[in-house]
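Some notes on the structure that comes next.
The values are calculated or read from the model by the stated rules, or taken from the named source; none is laboratory data. The shown structure was predicted, so the numbers you read here are calculated from the model rather than taken from an experiment. No Cβ is skipped: glycine too gets one built from the backbone with ideal geometry, and neighbour counts run over all protein chains shown. SASA here: full protein model, heavy atoms, side chains in, ligands and nucleic acids out. Shrake-Rupley method; radii C 1.70, N 1.55, O 1.52, S 1.80 Å.
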Amino acid sequence: MDLIKKNLVFSIVVAVAVVVFVAGAVLSVLEMGAAGDAKKKVSSAESQHKSVLNSSIAPTEANVAASQANVESLTSELAMIREHLEEGADLESSDDSIAVMASIQQFIAAYRSTAKGHVNAAGEAAPIETPSDFAFGFDTYVDESSVEDKPEVTPIIDTQRQVLDFALTKLIAADPEAIHEVLRESPEFVLSAREVAAPATEEEKPRARRQRTNTAEDKGFQLEAPVSARVPGAIDTLAFSISFSSKTPTLRQFMNELAEFELPLVIRSIDVERPTETTASVSASAGDELSSIFGAFNQDAAPVTEAIEQKPVVKDTVSKFTIVFEYIQIVLPDTGKGEEA
C-alpha cells in the first residue's frame, strides 16, 4: 500500500491499462465468434449457389435432344393408355327417338314375358313377381310413341335401356322371387351433372346418399356427387337402383355376374331388409336337452338311444335387397393430328 501511495499516478495508469487490456481481449473473443458465424453463413450460401448452378440444365444440343426423346416417349405411352381406355365393351347409343322408343317397348314387353314365364335352374316354373303394369324402369314411356326428340337426351335413354337390359338379364338368371322396383336417373339430371360447376358449399352439399326426384319423369332418383364416381369433363356415369326379393345365394350370384366386367359397372351400395320373424327353431324341449346332458351321470338311467335332431338356428329366409350401381364412361378429349400434346 505504501508503494501505491508513493506512486499513486503510476498505479492508476497501470490499473487503467489492465482494464483496457481485459476489455480488448473480451471484445476480440466476441468478434472472432461473430466472424466464425459469418464465415459459416458465407460457406453455406456458396454451397447452395453451386448446387443451384449444377441442378439447372444447360440448353445444350445433347440436353435438347434428350428432352425431345423424353417427350416422344411420354406421348407414345399416353397414346397407349388412351387406346387401352377406348378398348373393351362399350355401348353404342342411337339418337333416333322413334327407334329408341321402339326398343324400349320391346324391352318392356320382353321382360314382362320373361318374368311371367321364368323357369328356375331346376327346370321348374318359377314366375317372378312384379308390380302391376311394371315397366322395369321406363314407366314414363309405356304409352308413348317416341321419346322427347332432343339430340342430347335420346342417347342417354338408349344407353340406360341397354345397361338395364344387361343387369336384369343377370338378375333373372339368378332366380329372384320378386322384382319390386327399377330406378334410373332422369336424363335432365345426368346432363346437368356432366356440366363443370364450382364446388358446392357446405350448405349446398347433399345430405342423403341418394335422393328421389319428385318429377313424373322416369320415377327416377339421383345419385349425388359425394357417392358418385362422376367427374365433370373426365368421367360420365349413369346410376341405377334395383330392388328385389330373394335368398342370399341369388344376391351372391347376381353380384358375381356384375363383377365380371363385361360392362364397366361399379356397385355403390347394398341395402338389406330382413323379414320380421327370424326366431330360432329348435326341435327338442329344454327338459329333454337337460336329461340328455346329465343322464350320463346317473348310473341307473337307461342310455339315450334316440339322437336329438339338429336344426339351424336361423331359418333360410327371403330378404329384400336394393342395389345401387353406376355405369362408367371415360370421357377422352378429341385430339387432332396437328394438335400438340
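Descending by average beta-carbon neighbour count within 10 Å, the peptides 157-169, 92-104, 24-36, 261-273 line up as 157-169, 92-104, 261-273, 24-36, the highest first. At an R0 of 41 angstrom, the distance between the Cβ atoms of Leu263 and Ala66 translates into a FRET efficiency of 0.40. In this structure, the amide hydrogen of Arg268, modeled 1.01 Å from its nitrogen in the peptide plane, lies closer than 5 angstrom to those of Val324, Phe325, Glu326, counting only residues at least 5 positions away or on a different chain.
When nucleic acids and ligands are ignored and a 1.4 Å probe is applied, Glu124 ends up with an accessible area of around 110 Å².
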